[in-house]
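The structure appears right after this line, and notes come after that.
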């Protein structure tokens, strides 16, 4: 479900806290619009992602020019991607939050590559104006963190948080490992063997 919230109401300067509070805002908006039948256990899951370059947070670009500027600023540089996560157990009212920070070094892509990528429209709904998983642009040279978190939802972190809520789950570790597209994940290693 899409959370119809004004994300600009969260203006915390710390990117980790910003993503957590925005994820909470989304989760609470969804939770307030759901009705549950007695006995059913419903967990609302929401996430938010922010790209941070130096001291500047880069959200979704307002248009093609801003996307191009963001990509030029990120080119051949390190930055961090923060992904906040909020879960609400509607039956108990318990809420848990977490965040993950990944460090990425972008490759030295050309202005022509940026122009083609921006023209595709893909960067316009992405924090920092890029998708790490884009098959043609492939912007990242290296990643230290959870690949899935950079995509927008760290499934590894989600499984850990579901465990905190004592929600039973099954996960195929082979599929989860493959979903990281060859990037090692420090969170995945901590999960241990899952069925």
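Computed from the coordinates by the stated procedures, all read-outs in this text should not be read as laboratory data. The structure displayed is predicted, hence computed values, not measured ones. A quick note on method: Cβ atoms are made from the backbone with ideal geometry, for glycine too, and the neighbour counts reach across all protein chains shown.
So residue 153 clears everything in (1) touching a residue at least 12 places away in the same chain (Cβ under 8 Å); (2) in a loop (DSSP other than H, G, I, E, B); (3) touching a helix residue (DSSP H, G or I) at 6+ places or on another chain (Cβ under 9 Å) except one condition, right? Which one?
(3)
Just to be sure, is residue 72 outside any loop (DSSP other than H, G, I, E, B), surrounded by fewer than 16 Cβ atoms within 10 Å (Cβ to Cβ), touching a residue at least 12 places away in the same chain (Cβ under 8 Å) and touching a helix residue (DSSP H, G or I) at 6+ places or on another chain (Cβ under 8 Å)? Before the answer, list the steps.
On the way: outside any loop (DSSP other than H, G, I, E, B): yes; surrounded by fewer than 16 Cβ atoms within 10 Å (Cβ to Cβ): yes; touching a residue at least 12 places away in the same chain (Cβ under 8 Å): yes; touching a helix residue (DSSP H, G or I) at 6+ places or on another chain (Cβ under 8 Å): yes.
It is true that residue 72 is outside any loop (DSSP other than H, G, I, E, B), surrounded by fewer than 16 Cβ atoms within 10 Å (Cβ to Cβ), touching a residue at least 12 places away in the same chain (Cβ under 8 Å) and touching a helix residue (DSSP H, G or I) at 6+ places or on another chain (Cβ under 8 Å).
So residue 13 fits all but one of (1) under 24 Å from residue 159 (Cβ atoms); (2) surrounded by fewer than 17 Cβ atoms within 10 Å (Cβ to Cβ); what number is the exception?
Exception for residue 13: condition (1).
Looking for whichever is free of Cβ contacts under 8 Å to residues at least 12 places away in the same chain and either within 30 Å of residue 167 (Cβ to Cβ) or assigned to a strand (DSSP E or B) (or both) here; the options are 84, 93. Which one fits?
On the way: 84 fails: free of Cβ contacts under 8 Å to residues at least 12 places away in the same chain.
After applying the criteria, what remains is 93.
All but one of (1) assigned to a loop (DSSP other than H, G, I, E, B); (2) touching a strand residue (DSSP E or B) at 6+ places or on another chain (Cβ under 9 Å); (3) closer than 17 Å to residue 63 by Cα hold for residue 132; which doesn't?
Failing condition for residue 132: (3).
Have a look at 52, 98 and point out the one that is touching a helix residue (DSSP H, G or I) at 6+ places or on another chain (Cβ under 7 Å), without any contact (Cβ under 8 Å) to a residue 40 or more places away in the chain, closer than 29 Å to residue 1 by Cβ and outside any loop (DSSP other than H, G, I, E, B).
Values: 98 fails: without any contact (Cβ under 8 Å) to a residue 40 or more places away in the chain.
The unique qualifying residue is 52.
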